[in-house]
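The next block holds one structure in the form of structure tokens; read it before the comments.
The values are calculated or read from the model by the stated rules, or taken from the named source; none is laboratory data. These numbers come from a predicted model, not from an experiment. Don't worry about glycine lacking a Cβ; one is built from the backbone with ideal geometry, like all the others, and counts go over all protein chains shown.
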Amino acid sequence: MFNRRYNNELIINISRDIAKRKLSICDFDFTGDVPWETTEDRLEGLRLLSRMKPPFTINISHLTFFPGSALTERAIREGIVDKDQQPQGKDIFNIRNDFINFLYVVYGVFHIPESALKHIINSSLVREM
């Protein structure tokens with residue numbers, strides 16, 4: 001959907017290479033509130049984080065629909081965005097207040113161990129969403 005030229009394994013390898021070289025902290029950006037993502041897609045992002053090697057921080061920003069972009073046109077066709085009232089200048093850091101986004105923020109600060117994150121992801125708290 002975003003036409004990115006990398007995959008999870010490459011990101012994991014980059015994070016490990018940064019840690020091995022003891023480079024300064026690195027930021028990874030995640031886009032939240034993507035209307036086409038399923039709960040499982042969002043959890044896959046958390047699983048990716050749990051496999052990455054700290055030190056790193058994460059940033060989560062709201063998906064912004066820019067006029068004329070392919071994603072905006074798709075959102076208009078699918079009735080997600082009103083073509084006459086396209087969002088403009090929304091605060092990109094104003095993400096939806098839900099448990100999965102909370103987990104991203106917590107993980108970005110505390111780097112929860114992979115086993116603990118797996119337990120949380122498999123818990124009824126997430127599955128009931």
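Structure data summary
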read-out	value
Scope region 1-53; condition among the acidic types (Asp, Glu) and either within 20 Å of Ile112 (Cβ to Cβ) or not in a helix (DSSP H, G or I) (or both); matching residues	Asp27, Asp29, Asp33, Glu37, Glu40, Asp41, Glu44
Conditions (1) within 23 Å of Ala116 (Cα to Cα); (2) free of Cβ contacts under 8 Å to residues at least 24 places away in the same chain; number of the one not met by Thr72	(1)
Failed criterion for His111 (all others in (1) on the phi > 0 side of the Ramachandran plot; (2) within 16 Å of the chain's Cα centre (by Cα); (3) at pLDDT 80 or above hold)	(3)
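Results for (1) more than 16 Å from the chain's Cα centre (by Cα); (2) modelled with pLDDT under 85, shown as yes or no for each residue.
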position: Thr57; (1), (2): no, yes
position: Ser69; (1), (2): yes, no
position: Arg74; (1), (2): yes, no
position: Ile80; (1), (2): yes, no
position: Gln86; (1), (2): yes, yes
position: Gly89; (1), (2): yes, yes
position: Phe93; (1), (2): no, yes
position: Asn101; (1), (2): no, yes
position: Glu128; (1), (2): yes, yes
